[in-house]
Amino acid sequence: MDAKFLETLLYKHQTSKEYPPSSEVCQWVTRLMLLMFPEQTQTQYQSVNDIKHELKHHERTLVELLTQMQATIPRSPETLATEFMKALPSLYQQLVLDVQAIVEGDPAARSEFEVIRAYPGFYAIVFYRLAHQLYLLDIPLLPRVIAEYAHSKTGIDIHPGAQIGSYFYIDHGTGIVIGETAIIGDHVKLYQGVTLGALSVSKDKQDTKRHPTIESHVIIYAGATILGGETIVGHNSVIGGNAWLTESVPPYTKVYHKAQIDVRIS
């Protein structure tokens, strides 16, 4: 075996930063989701004290995860875990509104129970909102691990740094990509294959706004691509399927991609 190769691997092992295993992070966030939305499980708690005890367990678990990466976090594990848990009630209310948006917007949705139990779009939104809260606390890596776990399960790629408003509705969802600096307003509906991405930029632009702003009450249909940090889609607009947009459009605009299809019968 090549000696330089072996030395390189040894150096990486000896200098690698300490982080909790991704499996433990994903297990923690999944159990937290199941506590908030028991529709996904058969576990039933019998009292408020049982719920409080379980929440304290999740807080302790988060402290343990953060302790394993203590050198990289901005405050003590206990402080960060407490701040995260304090945000859970408001996060839960946001997610309830997201469920309502799907039920009200999708003719195929028969109930809130069905959306919570079976819709990948809602699954991805839950993990995004939890990861985003960790992101707001300047906790490194964990938000990305959670986001990529949801991505692997749903095919929906939402960067935890994106800012997404209330009543967010993802229909089908496979192939959706939402970049780090994207801003999305309230009552926005995205179909499968939508990309809210960046134009090609150099690495030194990583701290600038690279992804578009989508104002409230916008519908973006399947396969549409919207690029650029200065691109703004005005409120109450509709972006048609397969549209390619790199410049802003005013409110109440309809943007459609015109494709020419020839059907020939021989």
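Miscellaneous remarks
- For segment 93-116, the set of residues classified as in a helix (DSSP H, G or I), over 22 Å from E180 (Cβ atoms) and of a type in the set (A, V, I, L, M) consists of V96, L97, V99, A101, I102, V103, V115, I116, listed by residue number.
- Flag for S152 being in the same structural domain as C26 (by TED's automatic domain parsing) and either part of a helix (DSSP H, G or I) or under 26 Å from Y252 (Cβ atoms) (or both): yes
- Filtered residues of segment 161-185 (kept if crowded, with 19+ Cβ neighbours inside 10 Å and either of a type in the set (A, V, I, L, M) or in the same structural domain as I116 (by TED's automatic domain parsing) (or both)): A162, I164, I170, I176, I178, A182, I184
- Selection from segment 81-128 of residues that are of a type in the set (D, E, K, R) and either under 24 Å from H58 (Cα atoms) or surrounded by 15 or more Cβ atoms within 10 Å (Cβ to Cβ) (or both): E83, K86, D98, D106, E112, E114, R117
- Cβ-Cβ distances below 7 Å connect the following pairs, each with a first residue in segment 115-127 that is closer than 13 Å to M36 by Cβ, a second residue that is of a type in the set (S, T, N, Q), and a separation of six or more residues or different chains: I116/Q40; Y123/T154.
- Looking across segment 117-132, the residues that are over 19 Å from Q68 (Cβ atoms) and either touching a helix residue (DSSP H, G or I) at 6+ places or on another chain (Cβ under 6 Å) or part of a loop (DSSP other than H, G, I, E, B) (or both) come down to R117, Y119, P120, F122, Y123, A124, I125, V126, F127, R129.
- Residue match in segment 235-248 (condition: among the polar types (S, T, N, Q), part of a strand (DSSP E or B) and surrounded by 15 or more Cβ atoms within 10 Å (Cβ to Cβ)): no
- Lone unmet requirement of (1) within 22 Å of Q133 (Cβ to Cβ); (2) in contact (Cβ under 8 Å) with a residue 60 or more places away in the chain; (3) buried (at least 16 other Cβ atoms within 10 Å of the Cβ) for T72: (3)
- S200 being assigned to a loop (DSSP other than H, G, I, E, B) and more than 16 Å from F168 (Cα to Cα): yes
- Of everything in segment 27-69 that is part of a loop (DSSP other than H, G, I, E, B) and in contact (Cβ under 8 Å) with a residue 60 or more places away in the chain, the residue that is farthest from the chain's Cα centre (by Cα) is M69.
- Subset tally (residues that are surrounded by fewer than 10 Cβ atoms within 10 Å (Cβ to Cβ) and either hydrophobic (A, V, I, L, M, F, W, C) or part of a helix (DSSP H, G or I) (or both)) for segment 10-26: 4
The values are calculated or read from the model by the stated rules, or taken from the named source; none is laboratory data. This one's a predicted model, so the numbers in the text were calculated from it and none came from an experiment. Quick reminder, even Gly has a Cβ in these numbers, built from the backbone with ideal geometry, and neighbours come from all protein chains shown.
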